[in-house]
Amino acid sequence: MKPASFEYVAPTTLDQALERLAEHGFEAKVIAGGQSLIPMMNFRLAQPSVLIDLNKIAELSYIRLKDDELRIGAMTRHVQVERDALIARHAPLIHEAMTKIATPQIRNRGTFGGSIAHADPAAELTAVTVALDARFRLQSAGGERWVPADEFFFGMFATALGPDEMLVEAAIPVAPERTGYALEEEARRAHDFAMAGAAAVTALDEGGKCSAARLVYFSIGDVPTDAGDAVAVLIGKEPTPDLIQSVVDTAADRLEPSDDIHATAEFRLHLARVLGRRALQRAFERAAVEAN
Amino acid sequence: MSELIEVTVNVNSEEYRRSVEPRMLLSDFIRHELSLSGTHVGCEQGVCGACTIQLDGAAVRSCLMFAVQADGHQIRTVEDLGTMDELHTLQEAFWEAHGLQCGFCTPGFLMSILPVLEENPEVSEETIQRAMEGNLCRCTGYQHIRDAVKQAAEKMVAGGEA
Ligand SMILES: Cc1cc2nc3c(=O)[nH]c(=O)nc-3n(C[C@H](O)[C@H](O)[C@H](O)COP(=O)(O)OP(=O)(O)OC[C@H]3O[C@@H](n4cnc5c(N)ncnc54)[C@H](O)[C@@H]3O)c2cc1C
Ligand code: FES
Ligand code: FES
């Protein structure tokens, strides 16, 4: 099918884009990489009357280190993040996630900010940013505010973004020493959206005991699902395979996945157990290597 | 109908100027406005890869861009490769290794794989597989396509092309 008609504007600065957004509000949509929005427009699931193209706004595309945080501009393309040395070094979980997102052609266009703002429950970056305690800077013509990742995702395709707001950048704390990470997912084909997935971030102290543990699932519920204290009980203990197994079982018992055309709830629960265990295990292995 | 917007694009080293509606997809622009029908359209949702072209040297889905967004950019389509008499090394390898049957998917595969080989033809099995990951083929079972890419890569290394 073909998209419905719309008015097209292509501002060259962030301020111009925000003014346009303030003017048109609900009627308008910003377009970043278009890799999720255009399919929706092609099928007329989205019919914005004004399309504000962000692709000419150079100031929104960057990856830089600022104090102890990585700052990623909203319009930074997936492919840039995938190949960036700062990301590989300071946010290896993001580096690992990138090649699991869609296909190379889609990563050449799709953006970091677009993926987060779109809030597809199966998008890797939703769980990854929550697991890393990222923060997002939202800006409107009236001002700006920072929202932590774990308060940003409201539901399927629903976020904290107001109709006049744009996501302009993400701030990600630099991985501390002795930290391990892993992303595990299961999809039908290499580039498909995952039927379920889990992102883990762990750390070990000098004695080999767990000093931090985080496990966040995606494609299990409408929003990234943090295993929270089910996993935090690992802290202060040696992360043996048996202990990891029991922790992951407790975490899975609290999940309430849903059925859809991609997978049944029962299968998702099974995947959550397996992928959660693998993610934690691999994260601890990496933390142990880091510690040596 | 919304206002027409003037678009100037460089396609296969030739400049084209057209006035289009903002909602016109780049894939439709290439096929219907420029009459370059080598770029195929399968799904219009980014999944099949048949519409893959190169935008400023990078493989992208032409069904997931509006023509107005290509204004001022360089586009390369399958028509830029060889001719019937003189196939491009990659096209010739597809022919020799039976990398196609119906051929519907072929332009997309060629445009996805070429930037990878042009960047560095000394490719590993894994690199080849990754380069093919975003294109669907309902006929060949992929093995022959992989063989074709390998063959082309070897020829490009031997011929010092890149
Ligand atoms: C075949 C296919 C497979 C895919 N597989 C995966 C996958 O496995 N994992 C995955 O994570 N993604 C996948 N994607 C989606 C892809 O990663 C998209 O690039 C991403 O979801 C959206 O980014 P975008 O820049 O293209 O955003 P767009 O499509 O331009 O925008 C998406 C939405 O976000 C809004 N938006 C965009 N940027 C901003 C901003 N800065 N501020 C406020 N709102 C904004 C838009 O208004 C729109 O509503 C896939 C896409 C396709 C077509
Ligand atoms: S037609 Fe563009 S990906 Fe299928
Ligand atoms: S050759 Fe027929 S789809 Fe690939």
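The table below lists the values:
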quantity	calculated
Accessible area of the stretch A:58-173 belonging to carbon and sulfur atoms, whole % at 1.4 Å probe	48
Tail weight of P(r) past 22 Å, computed on alpha-carbon pairs of chain B, percent	41
222 nm mean residue ellipticity, helices alone, for chain A (DSSP H n ≥ 4; -39,500 (n - 2.57); rounded to 500)	-10000 deg cm²/dmol
Alpha carbon convex hull of the stretch A:32-97, projected area averaged over orientations, nm²	5.7
Accessible area per residue in Å² at 1.4 Å probe, computed on the protein assembly as shown	44
Debye log10 I(q)/I(0) for chain A, one point scatterer per Cα, at q = 0.14 Å⁻¹	-1.01
Sparse-neighbourhood loop sites, chymotrypsin sites (Phe, Trp or Tyr not before Pro) in the stretch A:117-226 - DSSP loop, at most 16 other Cβ within 10 angstrom	A:PHE157
Potential lengthening between A:ASP205 and A:GLU19 on full extension [0.36 nm per residue; Cα-Cα distance subtracted]	62.0 nm
Long-range HN-HN contacts of A:GLU169 with modeled amide H, under 5 Å	A:ALA74, A:ARG137
Loop-located chymotrypsin sites (Phe, Trp or Tyr not before Pro) in the stretch A:1-58, at most 13 other Cβ atoms within 10 Å (DSSP)	A:PHE43
Residue-span extension gain [A:ALA160 to A:GLU285] - 0.36 nm each, minus C-alpha spacing	41.4 nm
Nearest-0.05 FRET efficiency for B:ASN10 and A:ALA85, computed from C-beta distance (R0 35 Å)	0.65
Simple Cβ-charge dipole of the stretch B:1-90, Lys/Arg +1 and Asp/Glu -1, about Cα centre, in debye nearest 20	260
Residue-wise HN-Hα coupling along the stretch A:196-205, computed from phi with Karplus coefficients 6.51, -1.76, 1.60 (Hz; x: Gly, Pro)	6, x, 8, 10, 10, 10, 9, 9, 10, 8
Computed E for B:ALA58/A:GLU144 - FRET, C-beta separation, R0 35 angstrom, nearest 0.05	0.65
Cα pair distances of the stretch A:1-155 binned at 5 Å [whole percent]	2, 9, 17, 22, 21, 16, 9, 3, 1, 0
Efficiency of FRET from Cβ geometry, B:CYS43 and A:VAL233, R₀ 51 Å, rounded to 0.05	0.65
Chain pair B, A: total accessible area buried, heavy atoms, 1.4 Å probe, Å²	2500
Convex hull of Cα atoms in the stretch B:1-84, direction-averaged projection (nm²)	5.5
Fraction of alpha-carbon pairs over 13 Å apart in the stretch A:7-53 - percent	54
Two-decimal Rg to Rh for the stretch A:181-291 - Kirkwood Rh, Cα set	0.99
Loop-resident sites, the stretch A:213-266, for trypsin sites (Lys or Arg not before Pro), counting at most 12 other Cβ within 10 Å (DSSP)	A:LYS237, A:ARG254
Solvent accessible area, Å² - B:CYS137, 1.4 Å probe, full protein context	10
Value of Rg/Rh across the stretch B:89-159 [Cα atoms, Kirkwood radius]	0.92
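The values are calculated or read from the model by the stated rules, or taken from the named source; none is laboratory data. Remember, it's a predicted structure, so these values are computed and weren't measured experimentally. Neighbour counts run over all protein chains shown; Cβ positions are idealised from the backbone, glycine included. Surface areas here come from the heavy atoms of the whole protein model, side chains and all, with no ligands, DNA or RNA. Shrake-Rupley method; radii C 1.70, N 1.55, O 1.52, S 1.80 Å.
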